[in-house]
Structures are given as structure tokens and as C-alpha cells.
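Report on the structure given below.
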Amino acid sequence: MTAFISTDDVRDRFSKAMSAMYQEEVPQYTTLLDLVATVNQETLDAQPALKHRLETQSELERLSVERHGAIRVGTEAELAMLRRLFAVMGMFPVGYYDLSEAGVPVHSTAFRPIDDAALARNPFRVFTSLLRLELIENDELRQKAAGILAKRDIFTAGARELIALYESQGGLDDAQADAFVEEALETFRWHQDATVDIATYQALHDEHRLIADVVCFRGPHINHLTPRTLDIDEVQRRMPLVGINPKAVIEGPPPRKRPILLRQTSFKALEETIRFAGDAQGTHTARFGEIEQRGVALTPKGRELYDRLLTQGRKLSAGKENDAHQQVMSEVFVDFPDDDAALRVEGLAFFHYHLTEKGLDYQGQERDLERLIDQGVVEAHPITYEDFLPVSAAGIFQSNLGGDTNGAYAGNANRDAFEAALGAPVTDELALYAEREKRSKQQVLAALNA
Ligand code: OOG
Ligand code: NI
């Protein structure tokens, strides 16, 4: 009997290997990581209460490993194989994101760990988009793109073998896991050589820059990695000081005492030299660095309020630079309660309930969780949002596509087609948070009744 490595360990090894590869490819990303680490340390030093809270929620340990990446693939077969590849690392498709709404011809999911222990160990996730060639109106161009994609294999033979081995034996041993990480990494590597001539690149680029990015290369190069910061406003402010050019505004909700969902910003994609078939030289911009600050996951009711306020705020702040944008957002978001009790009592956010030390010997008859919290018997911690936001993702896409969007793509959500391509349903992210909250409540009540 060989001992299998846990899928959490495989994911941890892979995310570290991916980070090392990306830092070598995009040195500015290392500068960004250093900046984020400095700001995180300063934030923790300045806010002992925050530090304590992160510690008790086992968030501190994963803070520095936390990152997500993003890739874009061209065919159903590529997406389906990626699902199998990510399963080896305990990552499963969660959520459906329709980016056609934002003028980008893709739809997406996030491959990520699901259960609490896996998330605590290493929450690495990959935002994965499938190109929607069916949205290209020009027949000839569409067929040309499909033809090019049909000829490539984005996986190494070794990766395919190890994925099949994982599936047949139910795990990988230590050496196989290392081999898998090395082989899988190849799929995400950058290639300076395009597979097409410059005229083909240009034609696809003119339809939409993203189409050229997906179709003209040997594989779905990782286009960004994203560390997690505790103070995104400060990182945005300091980026120019370390020679990084940030996108204009921080996406998502404004700064708050109790962060909600996700705030994101990025640095602009780099212009990189490409050698095209036939030896012509040119450039392509695709790769960038991003940072994120995560807050509490919202219930459907909270999400509805968020979406409404976001739409309102974006209208009022259109065209404003970041400080003014955040100011307008903050004014609009006064309607979103900013303390844990209100978020809980109004059913706006998800919490994880557990007994306090005092609660361990509680003998009383009270079973109402809010009153138990008042009595110091029970504590509720915000559940961190582990997913993505369509409007924010669209903003990230756009800032790196030079605002290249096409309104004609809109109104084309097609979750069924996405799941058919994937070969599996995507898990509903809201159901996962609701389930975690419900389980924690049941455990508290069971312990009190024991
Ligand atoms: C993905 C953009 C989405 C995020 O953090 O919202 C994303 C892409 O540009 O491929 O990564
Ligand atoms: Ni991202």
C-alpha cells in the first residue's frame, strides 16, 4: 500500500510552484507581493484587535498563502480536462459568472476548495473562463479560431497520465504528487512564441483582444495571481511609490469597519514581446498582478442590497478618480449596516457560530442565539467570502483589455451550456455559505443540550 498525499497538500505545493513561476516571469509581481506583505504587517501591528480576530478564526496563518489566479481556455474539451486536473488538488467548480453582460465573450467558474478544513489549509482558487466563439458574428473568423484551437493540446502527456492515475488509484503518493505539480504547471506557462502569424493575430485581436489572447498561444498562460491584503486602500496608494501603475479605481464596496465580499484592484497588464509564426515580432498585453481584500459573505438579501447600492454608486461615481469614487461609494453605502450585530440580525451576512469558553459550562435554558451572544455564551464570526464578483471581474478584465468591450455580447448567460462543456454542474456558492452557517448553529445547540 502506498500512502497518498492529501489533495490539500497537492494544492499547497502547486500554488507555491505557480507563485514561484509567475514571480520569475513577471518580476513586478514580486514587488507587489513585498508591498502587500509590508502593508499587512503594518496593519496587524497597528490593529491588535484585528490581529486577534484573525488568529482566533485561523485566518492569520493562511493570510500569506492566500492567492488566486486566472486563466482563459478556448474549448469545451480543455475546460472538461481542467476540471479533472483541478480535482487532483481538491478544487471544484463553484459559481457561474456571465461576463458577456460586461461585453467580454466568456463565461466562467472558480475552481476552489470547498470544505472548512481545506479552505483553512490553503484556499488557492483559479478563476477559469471559457471563450464563447459562438458570440463572434464573423463566420470566417469564428471557424478559423475554432480550427486553430482544435489543433492544440494544452496538457502534457505526463499530466494526462497522472490525472488518470489519480482517478484510478484514488490519490497520488509523494513522488507522483511532485511530478503532477511539475507537469500541471506546464499548462499555465507563458509562451513567447505565438502559434499563428501576425495577420491572424491581428484579425482575432480586432474582433476582441481577449480572443487573440486565448487562441494564439500554446496554452492558457496564467494571466495574474492575487495576494490578499488587509488594507487595499493603502496598497493602492503606495503602488506608484514602488514603480507599479495601478488601475484607476478599486472595484467593489467602499472601505468599511466590517468589510463585505471582495474589494479588488490590479496593476496594468505588461506589454510583452511576441515572436509570431513566420518570424515577425510584435507585442501582446495579457499579464498583470492583482490584489484583493476579502470580507464577510452576504446572504441573498445582503447581496441584493449590495447590488442595488453598487449600481447606484457606480452611476454617481462614473469617471471619477479613486478617492472621489470611494467617497461617493461610502455615501451610498451608509444604507448598508456596518456592524456584526446588524448584519446578523437583519440577515444580511453569513456567520459561523460557536460556544465561548464561558459557554462550555453554560447550564441555562436560553436557546435563542442572539440572546446567548448577549450573555457571552456564544460568539459569531463572519464567514469570509471565498468567491468572485461579476462586476468587479468585468472591471479587472476591462482595465487589462484597454476598455475593449462589445455590447453585442450582452444578455447571453448560458449556464447549461457551460455545465455541459465542463461535464459537471457548478456548485452554488450561496448554498455553501448557508450550509456552513446552519451546521455551526446546529452544533452550538447540540452542545448546549448535551
Ligand atoms: C479574470 C478576471 C476575473 C477576478 O479576480 O475577478 C478575476 C481574467 O482576466 O481572466 O480574476
Ligand atoms: Ni483576479
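Overview of results
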item	result
Members of segment 234-260 that are assigned to a loop (DSSP other than H, G, I, E, B) and of a type in the set (Val, Ile, Thr)	Ile244, Val249, Ile250
Test set (1) touching a residue at least 60 places away in the same chain (Cβ under 8 Å); (2) out of contact with any Gly (no Cβ under 6 Å at 6 or more places or on another chain) - Glu134 fails condition number	(1)
Selected residue [closer than 27 Å to Ala417 by Cα and either basic (Lys, Arg) or in a loop (DSSP other than H, G, I, E, B) (or both)] from Arg142, Arg189	Arg142
Which listed residue, of Val126, Val106, Val26, Val39, is within 16 Å of ligand 2 (Cβ to nearest atom), in contact with a Ser or Thr (Cβ under 9 Å, 6 or more places away or on another chain) and of a type in the set (Val, Ile, Thr)	Val106
Any hit, segment 97-116, residues being crowded, with 19+ Cβ neighbours inside 10 Å, among the polar types (S, T, N, Q), within 16 Å of ligand 1 (Cβ to nearest atom) and modelled with pLDDT under 95	yes
Selected residue (only one of Ile260, Ile274 is under 20 Å from the mean Cα position of the chain (by Cα) and at pLDDT 95 or above)	Ile260
In segment 382-413, the residues that are over 20 Å from Arg112 (Cβ atoms) and either modelled with pLDDT of 80 or more or within 16 Å of ligand 2 (Cβ to nearest atom) (or both)	Gly395, Gln398, Ser399, Asn400, Leu401
Sole residue being more than 23 Å from Ala118 (Cα to Cα), touching a residue at least 40 places away in the same chain (Cβ under 8 Å) and touching a Ser or Thr at 6+ places or on another chain (Cβ under 8 Å), chosen from Arg67, Arg72	Arg72
Count of residues meeting criterion [among the hydroxyl-bearing types (Ser, Thr, Tyr) and part of a loop (DSSP other than H, G, I, E, B)] in segment 302-357	1
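The values are calculated or read from the model by the stated rules, or taken from the named source; none is laboratory data. Note that the coordinates shown come from a computational prediction; the quantities given were computed from them, not determined experimentally. We place every Cβ from the backbone using ideal geometry, glycine too, and count neighbours over all the protein chains shown.
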